[in-house]
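Written below as C-alpha cells is the structure these notes are about.
The values are calculated or read from the model by the stated rules, or taken from the named source; none is laboratory data. Source: prediction; values computed, not measured. Counting neighbours? That spans all protein chains shown, and the Cβs are built from the backbone with ideal geometry, glycine included.
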C-alpha cells in the first residue's frame, strides 16, 4: 500500500499534524507510533515516567537521565503539563510571519485546552514564590520578563494531550493510526525518501514522509542520511530544601520567573511525590535558556555541556534562589539548614533545534537535499526560547499542518 502522507511518531507534533492533515478527506494519512494506542489521562499531580508502556529511557553520553514519552500523545502524556509560549521577541527571526505564528498559537492553545493556573489553584511552593517576588504575576498568554503564571494543557486536573486532540476529532475517512509500529530506518532511492522500514522488517511506502519522532528520535532516524546532527538542551542547576511539613502540590510547576537569561522553576514538591522515585528534597530549578550544544550520531546521543557564560547565569540564579528560600515567605516551608545545591548540573528534557527551519529545513519542514521528506517537531525550532519548547512544538504542528 502506498499512502499520500506517512507521519512517523504520534507525539505532541505528530497527533496534532495528523488531525490537521486528515481534515481533507481525499488525503490518505497514515500515522505510525511505536507505543500503545490508548489515550492516557494521568492527573497533573503524577508523572507517569515509571510506566514502560508510556516512557522510554534514551542512553546519553554524559550518563544523564533522559526520558521521552511513547504511545499516542508522546511526551505530552508524561510531562508536567507546562504549556508556556516563548516571549514575542523570541520568534521575530523565525521564517514565518509573526501574525501566522500568533494565529497558530491561538489555535494550538485551544486544541490543547491550555489555561493559566488560577490563584486558588496554587500549591504552597508556588504561592510562596509569588509572595517573595512581590510584584504582579503575568497571567497573559505571552510571557514576559519577571514572574509568569504557567499555562497548562489540562481538563479537570488531568493532562489534555495531543492524543486527546486527535481522539476529539473523531474518525476521519482518510486517516489510519497504527500503534506498536517502530520505524527503524528511512527507505530511499538516490535523494528521494520513499518510506520507512519497521522493526518487523515491513516496508511502508508513501508519497511523502513527515518525521515527528521528537528531537532525539528524529535525529536518531535521520542522522544515517544527514551525518551527525547538533542538538540543544536547557541545562538546569537544582537547589533543594527539606520541607517542614507536607506540601499542597496540585501540579509539578505552576509559576516561573524569567530573569537574566534563566528560567527559575519552583517545583511543587519533591519529585518523589510526582513519580516513583526516591525522595531527595523539594527542587527549585535554575535553567539556562540559551541552551547547550551536543550531537546525535545514530543512536549515540550527547546533550553537551553548559559553557562558562551559562554557568555564570545559573550561578546568579542559584544565589537568588538561596536568598528566597531563607526569606520569611518560605519560613513555614523550609527546614532550617536544609538548603543545598546539587553538585551535578542536569538537563530539562527539552532537546530541540537539530534541523532548524530556515537553515537545515525550509519553512515547510522540507529537509535540504532530500525530496518527499519533511520534519515537524522540536527538531526544527529555529532558535532558543525563554520558555520550554512544548507549546511552540504544538504551534508549529498547527502552522505547518495548515500550510501543507
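General observations
- Residues considered: 359, 342. Of these, the only one that is out of contact with any helix residue (DSSP H, G or I) (no Cβ under 7 Å at 6 or more places or on another chain) and under 21 Å from residue 95 (Cβ atoms) is 359.
- Matching option when the condition is assigned to a loop (DSSP other than H, G, I, E, B), surrounded by 19 or more Cβ atoms within 10 Å (Cβ to Cβ) and in contact with a strand residue (DSSP E or B) (Cβ under 9 Å, 6 or more places away or on another chain), among 388, 317: 388
- Residue 398, sole failed condition from (1) at pLDDT below 95; (2) crowded, with 22+ Cβ neighbours inside 10 Å: (1)
- Here residue 239 passes the criteria (1) touching a residue at least 40 places away in the same chain (Cβ under 8 Å); (2) under 24 Å from residue 352 (Cα atoms); (3) part of a strand (DSSP E or B) except the one numbered (2).
- Hey, residue 256 in a strand (DSSP E or B) and in contact (Cβ under 8 Å) with a residue 60 or more places away in the chain or not: yes
- Qualifying position, being modelled with pLDDT of 95 or more, over 25 Å from residue 289 (Cα atoms) and surrounded by fewer than 22 Cβ atoms within 10 Å (Cβ to Cβ), among 106, 88, 46, 113: 113
- Tallying residues that are within 18 Å of residue 385 (Cα to Cα) and crowded, with 21+ Cβ neighbours inside 10 Å within region 254-281 yields 8.
- Considering region 1-73, the qualifying strands (runs of 3 or more DSSP E), each wholly inside and each with 1 or more residues that are farther than 22 Å from residue 158 by Cα, run over 2-8, 29-32, 55-57.
- Failed item in (1) under 16 Å from residue 13 (Cα atoms); (2) in contact with a helix residue (DSSP H, G or I) (Cβ under 6 Å, 6 or more places away or on another chain), with residue 177 passing the rest: (2)
- Flag if residue 251 is at pLDDT below 95, out of contact with any helix residue (DSSP H, G or I) (no Cβ under 7 Å at 6 or more places or on another chain) and not in a strand (DSSP E or B): no
- Residue in region 7-18 that is in contact with a strand residue (DSSP E or B) (Cβ under 8 Å, 6 or more places away or on another chain), under 29 Å from residue 366 (Cα atoms) and surrounded by fewer than 17 Cβ atoms within 10 Å (Cβ to Cβ) present: no
- Unmet criterion (only one of (1) under 30 Å from residue 324 (Cα atoms); (2) under 25 Å from the mean Cα position of the chain (by Cα); (3) modelled with pLDDT of 95 or more) for residue 180: (1)
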